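Peer 1: Can you read through this structure? Questions will come right after.
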Amino acid sequence: MSTHNLSRDHFPNDFKWGVATSSFQIEGAHDSDGKGPSIWDTFCDIDGKIADASNGHVACEHYRRWPQDVELIHGLGVNAYRFSISWPRVQPDGQGPWNEAGFAFYDQLIAALEQRGIEVHLTLNHWDLPQALQDLGGWANRDLCGHFTRYATEVARRFGHRLQSICTHNEPWVIAILGYEQGIFAPGIQSRSQAMQAVHHLLLSHGMALQAMRGLGVKAAMGIVLNLSPIYPASDDPKDLAKAHLDDGLILRWYMDALYKGSYPQDVIDHLGEDAPHVMPGDLNTIAQVNDFLGVNYYTRNFSSSGNPWDVASTGNEVTDMGWEVYPQGLTELLCRLHADYQPQRLWVTENGAAFKDQWVDGVVADPQRLAYIRDHIAATHAALKQGVPVGAYFAWSLMDNFEWASGYAKRFGLVHVDFETQKRTLKQSALWYRNFLSGQ
Ligand code: IFM
């Protein structure tokens, strides 16, 4: 079916249509009402780490402007909203007393969404770890599994009955590899062994948290969100083929095998050698809990090269402002592969979107490239559904322009434009298109 002819009616009635955000990227109010510092507050203070030397102190001022933002979400006609709780806002040091003012913020946000009939999809960890826990070694320290489980249990005890879903971690690969191996994200460490230990503890804490939250009788669907993409060899050179297989192991099979098969792939363990994580007996059984859903964040495909020069321009496809190739077919391919190899009960596209250099001109933000990107990826999701893949949700990333981590505010992913001087929100043409699509126009 042509992507232009596709309508909402081609999807199941109970399909979830949403937009997504995360706490650090939009909330601001970095030290208000008892919130503790997160690792991203600390990281932003280090010279040269954030492209525009910005931070999350104000961001989109969502902490104060949330009523207006809920109206924006409602106005789009979505039936689901995905956001994260800032752990240091509700437990400033990650171990000690709960901060009631922090919980009150999320309580009123959830209430406003409930009143409008918008499903609440909550993420516990979208990267803003309490700094006090980083001071103990962060995710490389096994003790964090227990701290995270207590935090997850408290959130589930308070809000679980009002949530459609709870995601433990958003993109553990990014947390561990960009944060602990490459050092380009918080906490800025460069150690492969610490990174792989962090990966293991993130996965272990996911399993522990699911067990504990289910022990409370919480009915919300529970799962995890991974950043995944198909990996292509840069050429037919056998070395590139081998590299692509290994990279697939490091990025996809490591996580999916652990979560769905209770094992880590042997070829990757062998490759890691001394940097492989220390795994205690029973850990992999704990990790392999039943997930009610698997969240997939898809932006582009990846190419692996063993050293042969490769340039994204060689694909001939459009490239976003992040330098990422626009390749919707990769989403269909990925969803089909996950279904074939691992059979998750339900697959949800929990993030998908693109950054482009948007201009606000006389109240209009024309973003035809983002509009086409979203439209074509919705069609790619539909193509997977047609092939029998149980895809149940599509969340556009992001509701509004926000703090794009090490890129600061320079990269705009929003359906809604934010003027960071005035905090004025303007629906981009992609948002108007999404709204029309959802209303059947
Ligand atoms: O902005 C991020 C988000 O926080 C996690 N997934 C990828 C997005 C775009 O880079």
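Peer 1: Relative contact order of region 97-182: what whole-number percent is it, with Cα pairs under 8 angstrom and at least 6 residues apart?
Peer 2: Reported relative contact order: 44 percent.
Peer 1: What's the ranking of 243-250, 271-278 by average number of surrounding C-beta atoms within 10 Å, highest first?
Peer 2: 243-250, 271-278
Peer 1: Above 27 Å lies some portion of the pair distances; for region 205-332, what is it as a whole percent of all C-alpha pairs?
Peer 2: 34 percent
Peer 1: Greater than 20 Å separation of Cα atoms is the criterion. Which listed pairs, 357/424; 49/428; 49/424, meet it?
Peer 2: Over 20 Å Cα-Cα: 49/428; 49/424.
Peer 1: Any number yet on Rg/Rh for region 357-406, C-alpha, Kirkwood?
Peer 2: 1.10
Peer 1: Under a crude label model (7 Å from the Cα following the beta-carbon direction), how far is residue 306 from residue 190 in nanometres?
Peer 2: 2.7 nm
Peer 1: Hey, what's the Cα Rg ratio for region 238-308 versus the globular rule of thumb, 2.2 N^0.38 Å?
Peer 2: It is 1.26.
Peer 1: Another one. Under a no-solvent Debye model with one identical scatterer per Cα of region 282-441, what's log10 I(q)/I(0) at q = 0.16, 0.17, 0.18, 0.20 Å⁻¹?
Peer 2: -1.00, -1.08, -1.15, -1.28
Peer 1: Now for a different question. Let me have the 222 nm mean residue ellipticity of the chain computed from DSSP H runs of 4+ only, each contributing -39500 (n - 2.57), with the sum over all residues rounded to the nearest 500.
Peer 2: It comes out at -11000 deg cm²/dmol, rounded to the nearest 500.
Peer 1: If I model region 160-221 as equal point scatterers sitting on the Cα atoms and use the Debye formula, what is log10 I(q)/I(0) at q = 0.23 Å⁻¹?
Peer 2: Values returned for q = 0.23 Å⁻¹ are -0.82.
Peer 1: Normalized C-alpha radius of gyration of region 378-441, against 2.2 N^0.38 Å?
Peer 2: With N residues counted in region 378-441, Rg over 2.2 N^0.38 Å equals 1.40.
Peer 1: Still on this structure: Suppose every Lys and Arg Cβ carries +1 and every Asp and Glu Cβ carries -1, with no other charges. What dipole size does the chain come out with about its Cα centre, to the nearest 20 debye?
Peer 2: Around 1280 debye, computed over the chain.
Peer 1: From the convex hull of the Cα coordinates of the chain, what is the mean projected area in square nanometres?
Peer 2: The directionally averaged projection comes out at 20.1 nm².
Peer 1: Ranked highest first by the average count of other Cβ atoms within 10 Å around their residues, in what order do 280-288, 71-79, 21-29 fall?
Peer 2: Ranking, from highest mean packing down: 21-29, 71-79, 280-288.
Peer 1: Separate question: Would you mind calculating the relative contact order of the chain from Cα pairs under 8 angstrom and at least 6 residues apart, reporting the percent as a whole number?
Peer 2: Relative contact order for the chain comes out at 18 percent.
Peer 1: Same structure, new question: In whole Hz, with x marking every Gly and Pro, tabulate ³J(HN,Hα) for region 324-333 from phi via Karplus 6.51 cos²θ - 1.76 cosθ + 1.60, θ = phi - 60°.
Peer 2: In residue order, the calculated couplings are 9, 5, 7, 8, x, 4, x, 6, 4, 4 Hz.
Peer 1: Now a separate question. Leaving ligands, DNA and RNA out of it, report the carbon-plus-sulfur percent of the accessible area of the chain at a 1.4 Å probe.
Peer 2: 50 percent
Peer 1: Efficiency by 1/(1 + (r/R0)^6): what FRET value for residue 245 and residue 53, r their Cβ-Cβ distance, R0 = 51 Å, to the nearest 0.05?
Peer 2: Working from the Cβ atoms, E equals 0.80.
Peer 1: Counting just the Cα atoms, what span does region 64-171 cover along each of its three principal axes? Round to the nearest Å and put the largest first.
Peer 2: 43, 26, 22
Peer 1: Also, quick follow-up: Any idea how far apart residue 95 and residue 3 come out in nm if each label point goes 7 Å out from Cα toward Cβ?
Peer 2: 5.0 nm
Peer 1: Using a cut-off of under 11 Å, list every residue of region 421-438 whose amide N is near the label point 7 Å from the Cα of residue 322 along the Cα-to-beta-carbon line.
Peer 2: Counting backbone N atoms under 11 Å from the label point, the list is empty.
Peer 1: Quote the FRET efficiency, to the nearest 0.05, computed for residue 162 versus residue 65 with a Förster distance R0 of 22 Å and r equal to the Cβ-Cβ distance.
Peer 2: The computed FRET efficiency comes out at 0.50.
Peer 1: Then there's this: Take every Cα pair under 8 Å in region 249-312 that's 6+ residues apart, average their separations, divide by the length, and report that relative contact order as a whole percent.
Peer 2: So the answer I get is 30 percent.
Peer 1: Still on this structure, please answer the following. Under a 1.4 Å probe, what is the accessible area of the chain per residue, stated in Å²?
Peer 2: Result: 37 Å² of accessible area for each residue.
Peer 1: Give me a comma-separated list of calculated 3J(HN,Hα) values for region 206-223, in order, Karplus coefficients 6.51, -1.76, 1.60 applied at θ = phi - 60°, integers in Hz, x for any Gly or Pro.
Peer 2: Using θ = phi - 60°, the values come out as 4, x, 5, 5, 4, 4, 5, 5, 5, x, 7, x, 5, 8, 3, 4, 10, x Hz.
Peer 1: Moving to a separate point now. Could you tell me the calculated FRET efficiency between residue 32 and residue 116, based on Cβ-Cβ distance and R0 = 22 angstrom, to the nearest 0.05?
Peer 2: That pair, residue 32 with residue 116, gives E of 0.30.
Peer 1: Still on this structure: Using modelled amide H (1.01 Å from N, peptide plane; none on Pro or chain starts), what sits under 5 Å from the amide H of residue 303, excluding residues fewer than 5 places away?
Peer 2: Residues meeting the amide H criterion: 232.
Peer 1: Kindly work out what percent of the DSSP beta bridges joining two residues of the chain are antiparallel, to the nearest 5.
Peer 2: Of all bridge pairs located within the chain, approximately 15 percent are antiparallel.
Peer 1: Arrange the peptides 133-139, 416-422 so that the one whose residues have, on average, the most other Cβ atoms within 10 Å appears first.
Peer 2: Result, highest mean first: 133-139, 416-422.
Peer 1: Hey, another quick one. Taking θ as phi - 60°, what are the ³J(HN,Hα) couplings along region 384-399 by the Karplus curve (6.51, -1.76, 1.60), each to the nearest whole Hz, with x for Gly and Pro?
Peer 2: Here the 3J(HN,Hα) series is 5, 4, 4, 8, x, 7, x, 8, x, 7, 9, 10, 6, 9, 9, 3 Hz.
Peer 1: Among 422, 344, 377, whose Cα sits farthest toward the positive end of the charge dipole of region 338-434 (+1 at Cβ of Lys/Arg, -1 at Cβ of Asp/Glu, about the Cα centre)?
Peer 2: Final value for the positive-end residue is 344.
Peer 1: Using only the Cα atoms of region 1-121, each taken as one equal point scatterer with no solvent, compute I(q) by the Debye sum, divide by I(0), and report log10 of the ratio at q = 0.10, 0.18 Å⁻¹.
Peer 2: At q = 0.10, 0.18 Å⁻¹ the computed log10 ratios are -0.40, -0.96.
Peer 1: List the chymotrypsin sites (Phe, Trp or Tyr not before Pro) in region 56-135 that DSSP assigns to loop (not H, G, I, E or B) and whose Cβ has at most 16 other Cβ atoms within 10 Å. Which are they?
Peer 2: Taking region 56-135 and a limit of 16 other Cβ atoms within 10 Å, the loop chymotrypsin sites (Phe, Trp or Tyr not before Pro) found are 98.
The values are calculated or read from the model by the stated rules, or taken from the named source; none is laboratory data. Here the structure is a predicted model, which is why all the values come from computation and not from measurement. With ideal geometry, Cβ positions are generated from the backbone for all residues, glycine too; neighbour counts draw on all protein chains shown. Surface areas here come from the heavy atoms of the whole protein model, side chains and all, with no ligands, DNA or RNA. Shrake-Rupley method; radii C 1.70, N 1.55, O 1.52, S 1.80 Å.
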